[in-house]
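Laboratory data are not the source of any read-out in this text; all were calculated from the coordinates shown. In this text, all values refer to a predicted model and were calculated from it rather than measured experimentally. Here the Cβ positions follow ideal geometry from the backbone for every residue, glycine too, while neighbour counts run over all protein chains shown.
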Amino acid sequence: MEKGLISVDRWTEGSQVYFLTHLHSDHTHGLSSSWAKGPLFCSRLTAKLFGFKFPDFNLSLIRILDIGSWHSLSLVSPSIGSQTTVQVMAIDAHHCPGAVMLLFRGEFGCLLYTGDFRWEATSERANRGRDMLCNAIKDEAVDIVYLDNTYCNPSYTFPTRQIAAQQVVDIIVSHPEHDVIIGIDTLGKEDLLLHISRVLQIKIWVWPERLQTMHLLGFHDNFTTNTSLTRVRAVPRYSFSTETLEGLNTMRPTIGIMPSGLPWVKHLQRDDNLFDSLLTRYNRRKMSTNGEVRTDQPDGKSRYVEKLHEYIYSVPYSDHSSFLEIEDFVKIVQPTNLKGIVSASTCYIEPMYYFGCLCGANQPAQRLHYKHKRKGRGRVAAGQTKSSFGSGNSAKYERKRGSIVKIKFLGGHVSRVTALRRMQHGAKILENESPENSC
DNA sequence: GCGATCAGCT
DNA sequence: CACAGCTGATCGC
C-alpha cells in the first residue's frame, strides 16, 4: 500500500511488513507455505486458521494484531532512510471469521484499508464495530480509504444477514420432505448455518475439511460429516449447480439454496421464461434506483428471495456491504480520498463517482472510469450451455457431479496432482485433529 | 519431480 | 454483473 513500507493483501517483494485482512483466496494470491518476505500481521483468529490453509508456513513470521488496540511498528522511511513509526489498529470487518479492517497512522498520514467488510446498520456487533472505528478516527482526518467496493452500485440492495438467515430457515421449513443443500465457501457464512442449526434444532452436514474449520472456530456441536444425521448439507459453492440439483433429485427430493449478495444467475440451463423474468427484475431494479435510491426492505419479507429454478432458491445473504451501507460508512469516515480495492468488474466505477460529495475535501465527483477486462473468448450468449458435461447421461453424470457430497473426498479416479493435493489436505486434517493446539 | 502459474469452469 | 475457489495443464527449476 505504501511503497517500500507496508503491503496489505499483496505478497510481492519490496515491503518491510505485510498485512493480511482475511483468509479468502483472492486476498492470499502470492502467499504460500514457503513465503518468507517479512513479518505478516493478521488478527488472532486469522492466525489460528492460517496453518490450516498454509500447513508448512513459518509461523514465527506471524504477528497478531489484537482488535481495537494500536500497535506501533518501527520501520525505515523509504523516502528519508531514517527510522519512522507506523501505528496500526485492526477493527472487526464483519466479513468472515478473522476478517479485519486496518487503520494506519504514519508519515504518510492516516489510511483506512477496509478489506472486505459488511457494515450493517443494526445488531450489537455492528454497533460495537461502529463505535470502535469512530473512536479511533475521532481526533484525526482519514486521508485515504481503500474501500471494499464489491457492491458499490445503487442496484445492490439486500437486507441484514439476520433477516436473510430467517428467509433461509423459512424456505427449509416450507420443504419438510426435502433434503437441502446450501452453497458456501471455505470460510464465511458460519452464522447463517448456526442460525439454521439452532432454530431447527438440527445438525448441518459439512465436508471434512470444513468440519475441521468449524472446530477451529469453536463450533463443536452444530456440525457433522455424517449424512444420515441431517437433511441439511452445506456444500462447496463451486459444486453447486443446476446439474448437481437435478442429479440429486434423481435420488431424493432436494432443493438448493444459494446465499449471496449477487443474484445467482450463472449455470442455469436454457429457459427463456426464466431469463425473461430475470431481465425484468434487473430492469426493474435499475429503474427503481434511477435517481432515488430504493431502501433496503425493513419488513424482512421474502421480497428478494428468488426461486431461480425448480430446485434452486437464491437468498440475499451477503458478507459484503450493500450500497446503502457503503454510503453510510463513507458518511461516517468522511475520508479525503477514496479508492476501490475490487476492480474485477468489467465495468468498474470509481467509488468517488458516487461518494465524492461525501468526502472530507468535498471534491467534485470524478468521471466514470471504465476498466475493460480482456477475455480470451467472446461472451457466451445467455442460455447457451456448454456441452462438455453431457447432461443427458445421468449415470455418467452421477459419477462426475451428482454425488459430490459423498464421493468427492473419497478419492477415485483423479490425476496425480489432484491426488497429491488431496493427500496434503488429508495431512492437514490429521495435524489439526487437536484444534486447541494450533497457535 | 516439484511448486508456481494460468486457463477454464462452477 | 461475477461474491470465492477448485481443477488440470503447462512451464521452469
What are the ³J(HN,Hα) couplings of the range A:157-167, residue after residue, when phi is run through the Karplus curve with 6.51, -1.76, 1.60 and θ = phi - 60°? Round to Hz, x for glycine and proline.
10, 7, x, 5, 5, 4, 5, 5, 4, 5, 4
Tell me which residues come under 5 Å, amide H to amide H, from A:Ile204 once H is placed; ignore anything under 5 positions away on its chain.
A:Phe223, A:Thr224
Percent of alpha-carbon pairs separated by more than 23 Å within the range A:23-149:
37 percent
Surpassing 25 Å at the alpha-carbon level, of the pairs A:Lys37/A:Lys189; A:Lys3/A:Lys339; A:Lys189/A:Lys307; A:Lys48/A:Lys189; A:Lys53/A:Lys189, are A:Lys37/A:Lys189
Under 5 Å between amide hydrogens, which residues at least 5 positions from A:Val342 or on another chain qualify, with H placed 1.01 Å from N in the peptide plane?
A:Asn149
Residue by residue, what Karplus-based ³J(HN,Hα) values in Hz, rounded to whole numbers, does the range A:62-72 have, using 6.51, -1.76 and 1.60 with θ = phi - 60° and x for Gly and Pro?
7, 10, 8, 9, 6, 5, x, 10, 6, 10, 9
Please label the shape of the range A:14-97 as rounded, prolate or oblate, based on the square roots a ≥ b ≥ c of the eigenvalues of the alpha-carbon gyration tensor (a/c under 1.5 means rounded; beyond that, a/b larger than b/c means prolate, else oblate).
oblate
Net charge of neighbours whose Cβ lies under 9 Å from the Cβ of A:Thr21, counting Lys and Arg as +1 and Asp and Glu as -1:
-2
